[in-house]
Amino acid sequence: MTEPAYIGLMSGTSMDGIDAVLASFPGDRVDIHGTYSLPYTDTLRQRLTRACQNQATPDEVGELDHELGALFGEAASGVIEAADWPRASIVAIGSHGQTIRHQPSGKHPFTTQIGDPNLIAEATGITTVADFRRRDLAAGGQGAPLVPAFHRAFFGNDQTNRCIVNIGGIANITWLPHAEPDQALGFDTGPGNALIDAWCLKQTGRPYDDNGHWAQTGEINQTLLTDMLSDAYFRRPAPKSTGKERFNLSWIETVIARHPDIPANDVQCTLVELTARSLAMQLPKSSGITLYICGGGARNRFLMERLEIVLPDATIKTTAALGLDPQWVEGVAFAWLAKRTLDQQTGNLPAVTGARGERILGAIYQG
């Protein structure tokens, strides 16, 4: 008999495409049965970037919502075909959607994800759970990060301190102390790949710096780095979350305007160092810490090398050492969150998001 399975759909702040994962959760383990990636076109990525920067009209946002909903449905069907899995045994799809604006502070906090889940349910015939973030926000939380709940459930350990580090467009950490497993903490540390990718695209026309090769041709500019690290976000206490609303190409250009004539490859090298050092400076103070990296940053060899240098006392691995490929961690997490919703179980960690309490997350769109 085929075990009940769930699909997780993830499109993060790097906005490079949709990752789809088909997984099941027998006991305390994850079984991945299939994966599928659907890349965005350059044109779509540019349109999403404009939407993130408040440069899209309501009509354009509505059209993107519909277009992405269709693409999420296509990605879900793609992973089903790749796994050759019977649809009847798929309980639900968990869709993160594509964040185009995240403003969790202020008088009227909000977070906006597009990718119409009605279209996903209609295209697949499978019940779809989406809009995970806003219930936490309604309860006074940041609505992000949500993946730490999954990290705690599957990566927690009673022998060693672990820190799960997701480096997508934005970087976030989940601190899992072995002595107090219920005291998991997590927050966005700031830019992950967002600034590195934005500067690379601006200067070279390439959407990302493969393995950090271009950054390696430059040198770290300490004056520029110090100025970048002076951003108030890095000193703000948790709970906190951020996005491309803050850390984007305009942010880079504002800072480097104060430091003219720095070669473009030196800026790129300094941006890699910014990701590494801003992350390192916000880690809990602990001896014997092991970092497990996931997300696109795990594929940037130069960034991984810089993390080892700025964290000489830490052991740095990827989540592959814990049995889960770093590319698929977030997709699996949203499959798991869909399961939690349908099982009427909570999906947030108030200590991470700042919410008033644990909440059942997501809205359900029947298949």
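Just so it is clear, none of the values below were taken in a lab; they were calculated from the coordinates. Please read all numbers here as calculations on a predicted model, not as lab measurements. Virtual Cβ from ideal backbone geometry, glycine too; neighbours counted across all protein chains shown.
To check you understand DSSP bridge types, tell me what percent of the beta bridges within segment 148-322 (both residues inside) are antiparallel, rounded to 5. Walk me through the numbers before you get to the answer.
Details: 12 of 21 bridges.
Once the DSSP bridges in segment 148-322 are tallied, antiparallel ones form about 55 percent.
Between A321 and T223, what is the label-to-label distance in nm when each label sits 7 Å out along the Cα-to-Cβ direction?
In this crude label model, A321 to T223 measures out at 3.9 nm.
Kindly state, to the nearest 0.05, the FRET efficiency for A280 paired with D343, given R0 = 35 Å and r defined as their beta-carbon distance. Write out the running numbers ahead of the final one.
On the way: r = 37 Å, r/R0 = 1.07.
Taking R0 as 35 Å, the efficiency between A280 and D343 is 0.40.
What is the extension gain from H108 to Q46, computed as 0.36 nm multiplied by their sequence separation minus the C-alpha to C-alpha distance, in nm to one decimal? Spell out each step's value before the answer.
Details: separation 62, 0.36 × 62 = 22.32 nm, distance 2.78 nm.
19.5 nm is the gain from fully extending H108 to Q46.
Using helices alone, I'd like the mean residue ellipticity at 222 nm for the chain: each DSSP H run of four-plus residues gives -39500 (n - 2.57), total over residue count, nearest 500.
Numbers: 13 runs with 135 residues, N = 367.
Taking each H run of at least 4 residues, the total per residue is -11000 deg cm²/dmol.
Can you give the % of DSSP beta bridges in the chain that are antiparallel, to the nearest 5?
Values: 33 of 50 bridges.
So the antiparallel bridges amount to about 65 percent of the total.
What's the center-to-center distance, using Cα atoms, between segment 102-153 and segment 74-96 in Å?
Taking the Cα centre of each part, segment 102-153 and segment 74-96 sit 20 Å apart.
Could you tell me what fraction of 2.2 N^0.38 Å the Cα radius of gyration of segment 1-135 comes to, as a two-decimal ratio?
Values: Rg = 15.6 Å, N = 135, 2.2 N^0.38 = 14.2 Å.
So the Cα radius of gyration is 1.10 times the expected 2.2 N^0.38 Å.
For segment 256-297, max minus min Cα coordinate along each principal axis, in Å, sorted largest first?
Reported extents, whole Å, longest axis first: 41, 23, 12.
Give me the dipole magnitude in Debye, nearest 20, for segment 148-322 about the Cα centre, with unit charges on the beta carbon: positive for Lys and Arg, negative for Asp and Glu.
It works out to roughly 300 debye.
Would you mind calculating the gained length between E180 and N118 on full extension (0.36 nm times residue separation, minus the Cα-Cα distance), in nm to one decimal? Write down the numbers at each step before the final one.
Values: separation 62, 0.36 × 62 = 22.32 nm, distance 4.06 nm.
That works out to 18.3 nm of additional length.
Return the Cα extents of segment 80-229 along principal axes one, two and three, sorted largest first, each rounded to a whole Å.
Ordered largest first, segment 80-229 gives principal extents of 56, 45, 42 Å.
Neighbouring Cβ atoms within 10 Å as the yardstick, rank K240, K107 fewest first.
Numbers: K240 21, K107 4.
In order of increasing Cβ crowding within 10 Å: K107, K240.
If one puts a single equal scatterer on every Cα of the chain and applies the Debye formula without solvent, what log₁₀ I(q)/I(0) results at q = 0.08, 0.10 Å⁻¹?
-0.37, -0.59
Across all directions of projection, what mean area in square nanometres is found for the Cα convex hull of segment 22-94? The partial results should precede the final answer.
Numbers: hull surface 25.6 nm².
Dividing the Cα hull surface by four gives the mean projection, 6.4 nm².
Take the alpha-carbon centre of segment 307-350, take the same for segment 1-38, and report the distance between them in whole Å.
Segment 307-350 and segment 1-38 have Cα centres spaced 12 Å from each other.
I'd like the orientation of helix 329-342 relative to the chain: the angle between its Cα long axis and the longest Cα principal axis, in ° from 0 to 90, rounded to 10.
40
In degrees from 0 to 90, rounded to the nearest 10, what is the angle of the helix 264-280 Cα long axis to the longest principal axis of the chain?
Roughly 60 degrees between the two axes.
Sort all Cα-Cα distances of segment 148-322 into consecutive 5 angstrom bins from zero, then give the percent of pairs in each bin up to the one containing the longest distance.
With 5 Å bins starting at 0, P(r) equals 1, 8, 18, 22, 20, 14, 8, 5, 2, 1, 0.
Given the options A194, T204, T174, identify the residue whose Cα lies farthest towards the positive end of the charge dipole of segment 167-239 (+1 on Cβ of Lys, Arg; -1 on Cβ of Asp, Glu).
T204
Give the dimensionless ratio obtained when the Cα radius of gyration of segment 237-280 is divided by 2.2 N^0.38 Å. Please list the in-between numbers first.
Numbers: Rg = 12.2 Å, N = 44, 2.2 N^0.38 = 9.3 Å.
Taking the Cα Rg and dividing by 2.2 N^0.38 Å, one obtains 1.31.
Bin by bin, in steps of 10 Å, what percent of the Cα pairs in segment 189-282 do you find, going until the bin that has the longest distance?
Going out from 0 Å in 10 Å bins, segment 189-282 shows 16, 55, 26, 3 percent.
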